[in-house]
1. Hey, among GLU33, GLU42, which residue is under 25 Å from ARG220 (Cβ atoms) and without any contact (Cβ under 8 Å) to a residue 24 or more places away in the chain?
2. Only residues that are in contact with a strand residue (DSSP E or B) (Cβ under 8 Å, 6 or more places away or on another chain) and under 17 Å from ILE28 (Cβ atoms): list them for the range 40-57, please.
3. Return yes when PHE222 is under 18 Å from the mean Cα position of the chain (by Cα), among the aromatic types (Phe, Trp, Tyr) and surrounded by fewer than 24 Cβ atoms within 10 Å (Cβ to Cβ) and no when it is not.
4. What's the total number of residues in the range 250-285 that are among the polar types (S, T, N, Q) and more than 27 Å from ILE180 (Cβ to Cβ)?
5. Output the number of residues of the range 220-245 satisfying the condition of being polar (S, T, N, Q) and in contact with a Pro (Cβ under 6 Å, 6 or more places away or on another chain).
6. Could you tell me which numbered condition TYR7 fails, if it satisfies all but one of (1) more than 28 Å from the chain's Cα centre (by Cα); (2) surrounded by fewer than 17 Cβ atoms within 10 Å (Cβ to Cβ); (3) modelled with pLDDT of 95 or more?
7. Within the range 365-382, take every residue that is small (Gly, Ala, Ser) and surrounded by fewer than 17 Cβ atoms within 10 Å (Cβ to Cβ) and give me the one that is nearest to LEU223 (Cα to Cα).
Amino acid sequence: MSTERTYQEINERIKAGKAVVLTAEEVIGKVREQGITKTAKEVDVVTTGTFSPMCSSGVFLNFGHTKPRMRMSRVWLNDIPAYAGIAAVDAFLGATELPEQDPRNSNYPGEFRYGGAHIIEDLVAGKAVRLKATSYGTDCYPRTKLETTITLDSINEAILFNPRNCYQNYNCAVNSTDRIIYTYMGALKPHLGNATYSTSGQLSPLLKDPYFKTIGIGTRIFLGGGIGYVVWNGTQHFPSFLKDDEGRELTGTGGTLSVIGDLKQMSPRWLVGTSYVGYGATLTVGMGIPIPILNEEILVYAAKADEELYASIVDYGDAYPKGKSEDLGYVSYAQLKSGSIKVLGKEVPASPVSSYFRAREIASTLKDWMLKGEFLLGEPSQLLPGPEKGLQGKSLS
């Protein structure tokens, strides 16, 4: 008889200190040793982790009212503009936002880019940030200018809200042109001089639940060092599967998450402002998701190893400027982590832009929280759409 569990049953075991929790690395060895059926009977939860650049991130800030009151219509934090078209003293700061005087297409690709992501890290680190605001005056909001400093403790709320995080699977990027190109996947050398990748493979959260059987609205997660929640599918959520020449499913791809959490709980170790040469700023985010082993089918995917998980090889020198979707085949995460892959018959050095070491730490931390009874599963009120929905993205001409 196959194993069937409920969220309530697992949470009761967590509260009682009886839950069996393994990281996604640990469960691979367990399944190899004793098989799916026996492992599914023993293991309650598998924890995952990723620590990767996630551009579609940002924070809602409520500064508190001034005296006299002010309806802030334009806001800058350390000279980085934040969007203030929300309410009187609310603003949204995007991770990739840059100073207005900063040339977006710089002729100096080596120049450091301080952006919204760095302000988020500064706030979490307890640093003071300069706030400047201007406005038109009204009877109820007469003040027109403000210049002051804020800290995370001095403002009312700071809500990390990331519209598109935790890509299920991402490209392996190469460059076949005759010049170096600067991308959000790092600097790519000409003539297939290097390859970069961003997904943590066998620890990657959405690769361990590719059909979204356990992840949905209300799923409780590790976010930035604190506790967060999945609130919706992420933008550009188009889950599907890479397939081999015979049409067999290889690896889930295309799913994303929209997540939320209290910035005041978080840590600069897990929210890091990052500057990419010739590209701009982004936020490197630590995220971990527990996968409840409700049945054997869920464990089958949660126990997949690097050699069973694949990424598409994409030529960023050609595909991205021209909007093409053709790729150069697939490569396993075991091959990528070996440090060298073959592309068009050429041996190419491969390196990650994410940190597998940190992903492992997140999965272990989440496991410890659960073993101590400090973190319970959040049962989704609605699961996210899986690949069976056949969602497809739209494009602009």
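The values are calculated or read from the model by the stated rules, or taken from the named source; none is laboratory data. None of the values given here were measured: they were computed from a predicted structure. Neighbour counts are summed over all protein chains in view; Cβ atoms, including those assigned to glycine, are modelled from backbone coordinates with ideal geometry.
1. Details: GLU33 fails: under 25 Å from ARG220 (Cβ atoms).
Exactly one residue qualifies, and that residue is GLU42.
2. So the first thing to find is which residues in the range 40-57 are in contact with a strand residue (DSSP E or B) (Cβ under 8 Å, 6 or more places away or on another chain), and the list is 40, 43-57.
Hits for the range 40-57 are ALA40, VAL43, ASP44, VAL45, VAL46, THR47, THR48, GLY49, THR50.
3. Working: under 18 Å from the mean Cα position of the chain (by Cα): yes; among the aromatic types (Phe, Trp, Tyr): yes; surrounded by fewer than 24 Cβ atoms within 10 Å (Cβ to Cβ): no.
In short, no.
4. First, pick out the residues of the range 250-285 that are among the polar types (S, T, N, Q): 251, 253, 256, 258, 265, 267, 274-275, 282, 284.
Narrowing further to those that are more than 27 Å from ILE180 (Cβ to Cβ): 251, 253, 256, 258, 265, 267.
So the count comes out to 6.
5. The total comes to 2.
6. (1)
7. First, pick out the residues of the range 365-382 that are small (Gly, Ala, Ser): 373, 378, 381.
Remaining after also requiring surrounded by fewer than 17 Cβ atoms within 10 Å (Cβ to Cβ): 373, 381.
On the way: GLY373: 18, SER381: 19 Å.
Only one residue fits best here, namely GLY373.
Here is a yes/no grid of residues against (1) in contact with a Gly (Cβ under 9 Å, 6 or more places away or on another chain); (2) in a strand (DSSP E or B); (3) not polar (S, T, N, Q):
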{"site": "GLU12", "(1), (2), (3)": "no, no, yes"}
{"site": "ALA19", "(1), (2), (3)": "yes, no, yes"}
{"site": "GLU25", "(1), (2), (3)": "no, no, yes"}
{"site": "ILE28", "(1), (2), (3)": "no, no, yes"}
{"site": "ARG32", "(1), (2), (3)": "no, no, yes"}
{"site": "ALA40", "(1), (2), (3)": "no, no, yes"}
{"site": "VAL46", "(1), (2), (3)": "no, yes, yes"}
{"site": "PHE51", "(1), (2), (3)": "yes, yes, yes"}
